Every structure is written in C-alpha cells, then in structure tokens.
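Heads up: the structure comes next, in structure tokens.
Every number in this text was worked out from the coordinates using simple rules, so none of it is lab data. This is a predicted model, so every value here is computed, not measured. Cβ placement follows ideal geometry from the backbone for every residue including glycine, while neighbour counts extend to all protein chains displayed.
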Amino acid sequence: MTTLTPATGPALRVKAAAVVVSPPVRQSSRRRSPRAVVAVFLATLLALNFGFAVGMDRVFPTVRDPEYGRRLSRVKARQDENPGRPFVVMLGSSRTAMGLRPMVANADAGPVVFNFAQVGSGPMMQVMTLRRMLNDGVKPDAVVLEFWPPFLREDGPFAEEARIDKHRLLPQDVPFAREYYDDAPLAEATMKHVRKSPWYEHRLRVVSQVVPGWLTYDRRLDSPWHKLDDWGWLPGFEDDPPPAERTARHQAAGQYYGELFNHFRIHEKAERATREMLTTCRERGIPVTFAWLPESSEFRAWYPPDVLATGEEFLAKMCREFDVPWIDARQWVTDPHIADGFHLTQPGAAIFSQRFGEELRARTITTR
C-alpha cells in the first residue's frame, strides 16, 4: 500500500479567498442633518440680505433710488462731454421735470443746463438733492431753483416729508432726516427696518427696473424715471389735451389747491430749507437763480390775493438777502399747453425751454 506523503504525494493547495469589508458608513456623511440644512439656508439668506442692503447703499445706489441715480449718472456724463462750457443744474419738482427740455434750451455755445428735478420736490427735497449731488461730486457752475408758493406750506396733509419715500433714503441722508423730519426717530427706524429684508421691501422697485412688464401699471414705480432722456427731461403729456379733459384736470387740481390756499402760511422748514440752499451755494461760489414756472390763467386766478402777496414777498426777501435774481416765467406758455394748471405738455415744454435757454444766456447767471 502506498502512503502519500507531502514529499511524494500530490500537493493539496488551498487558496484563501481575500474578503475586503468596507468600514460602516455613517448616515450623517451621506445626508446632511436637518439642522445643517437650516443653518446653511439661514446663512445664505443673511448673506444675500446683507450683501443687497450694503450694495444698494455703497455700490448701486441707483437700485435704492432710481430717479436720483439715473439723473446722477447722466449729469456726470453730460458734464464730461461739455468741458469748458458753463454747466447749469436746475432743481425742482415734476413741473421742472416735465417742463425743462435741455435739448431745446441748450445752444451750440454758451451755458448748458441739465434737468435734475425730482418728482414731488419742494424745498425739502431740493435740499436733499443738492446735498447728495454735491457729495457725489457734481460741480455745477450755477444752480436754478424752482420756486412755487404751494410748496412753501409744510403742515398737515401738505407736509413734504410724506412725499419722500423712506425706502429711497441713503445713509448720507440721515442728517437730513434728523434736521427736517417731524419724527426723525421714526424715519431712522424705517431706514433700518427696510434694510433688514431688502429683497422684500424693494421687490417692486427692483422689478420695476429690471422687468417692469411683469407688474400691472398701478404697481409699477418707474413713472418718475423710465422715460428720462439723456439730459434729465421727463416727457409729460404728448399732446395738448382736449378742452373737456383739460377742464376735468383743472377741476381736480382746484379742489386740492383750494384747500392748500385756505389758511396758507409759509412753514418754518420751507424757509429754512430755502436758506440752506442759498447759503450752501454762496459758500461754494455757485450763483443761484430762482425760476417761477408757467401756470395757466385758471390756476393764477385761484391764488387768493393774500397768498400771492405772501409768496411774492418771500421770494423778494430771499432775492434781496442773498442777492440773487429770479425768472418770472408764469405767463410764458399759453393755456392749451398747460394740461392741469401747472404741468406743461410736450409742445409747451418746447416753448418754455426755448425761451428759458435764451434767458440763461442773456443773464449770464454763471458768472461767479
């Protein structure tokens, strides 16, 4: 019998199978915990809010105040394009915005004028605009200030601060709010509040700038700026309105201004704001001229004699104390070209602007 030995018998080889076992995978490494997801979401939301709020204040103020921002970029561009020519800036309300068409007023030589009006602006907003403009590097050779007695009343429902949307206020406007608002703490609190949720608070403002067609007309905020031309003119009524429409507009205006003229008085803030503008310009060597823009014969008839006298006496006092002239343009444009008593149609704006430009050149108001 043959015995098999390791030396002589067939080798029996057993190959061990190598088994690789992966370490257990923790559930948290494959899927974030709910707390982590919430934390990332909140951090992202805060970063977006903070970035948008800071960006609107420091980088893109046009987003916060499109009307001012667009005029600012345009005025700088026009001034750069006209070196060596006296550069005049006019401040005012929608009356100026729609009435002064610099492309008509400016000639091939002599001073050029830019329309830096802000819709709804009286003396308070004019001060805010002048402060901003000078702070942002605009250096006019002369300034024209719109003068209008109705805007000198600053009490109750006629208070100008109610027409200033606090969403548009910039950090540099805090001193202005403290000096001119009746409730300055509330104004500052509102400024802080809208910066905590800027995407929500400015949703209509942003959409009105980017895709205004997404909004119904009554929700759009772009009427003060979307038609601005390169010189700051905001086109008003394209054509002179039919007599019936014009009458209806005058009647609506008459109700409002009839109440305004009742118990009329010049408010302390209006006088203080006017004096500030005149003082600021005098200290900087910037000549100033007042301009009383066209009014229809119907509107001029609405002035009670004492109200008209009060307005004219105040204007004369400011001109006398600060040695500044004024332009009386009240009757430069005939009634059909004045849609509601004080806003010029586009044909009316052309008539006014032509004569206004001639007046500026004749008066040499840019002489320092």
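Taken as Cα centroids, the range 262-281 and the range 66-122 sit 23 Å apart, rounded to the nearest whole angstrom.
The residues packed around PRO336, meaning those with a beta-carbon under 9 Å from its beta-carbon, carry a net charge of -1 if Lys and Arg are +1 and Asp and Glu are -1.
Expressed as a fraction of 2.2 N^0.38 Å, the C-alpha radius of gyration for the range 246-368 is 1.18. Only lysines eight or more places from LYS139 in sequence, or on another chain, were considered; those with a Cα closer than 20 Å are LYS76. From least to most packed, judged by other beta carbons within 10 angstrom and beginning with the fewest, SER223, SER296 follow the order SER223, SER296. Normalised by the number of residues in the range 45-363, the mean separation of alpha-carbon contacts (under 8 Å, six or more apart) gives a relative contact order of 26 percent.
Neighbour counting of Cβ atoms within 10 Å sorts the residues ASP230, ASP108, fewest neighbours leading, into ASP108, ASP230. Considering every alpha-carbon pair of the range 45-363, the percent of pairs per 20 Å bin, from zero through the bin containing the longest distance, is 31, 61, 9. Counting only Cα atoms, the size of the range 311-368 along its three principal axes is 37, 27, 12 Å, in decreasing order.
Volume of the convex hull of the range 145-239 (Cα atoms only), normalised per residue: 173 Å³.
Exposure proxy shown here: for TYR217, TYR181, the number of other Cβ atoms within 10 Å sets the order, fewest to most, as TYR217, TYR181. Within straight-line reach of LYS317, meaning a Cα separation under 25 Å, sit the following lysines at least 8 residues removed in sequence or on another chain: LYS269. In plain terms, the bigger the Kirkwood radius, the slower the diffusion; for the range 91-199, with that radius from Cα pairs, at 4 °C and 1.567 mPa s, Stokes-Einstein puts D at 84 µm²/s. In the distance distribution for the range 233-313, Cα-Cα pairs more than 17 Å apart total 65 percent. The separation of the range 293-357 from the range 168-239, counted between C-alpha centres, amounts to 28 Å. Put simply, the amide H of VAL119, placed in the peptide plane, has no neighbours under 5 Å, leaving out anything fewer than 5 places away on its chain. Assign one of three labels to the range 169-312, namely rounded, prolate or oblate, based on the Cα gyration tensor with a ≥ b ≥ c the square roots of its eigenvalues; rounded applies when a/c is under 1.5, prolate when it is not and a/b is larger than b/c, and oblate otherwise. Note, shape of the range 169-312 comes out oblate. Extension gain, ASN262 to ALA309, is 15.5 nm, computed as 0.36 nm per intervening residue step minus the present C-alpha separation.
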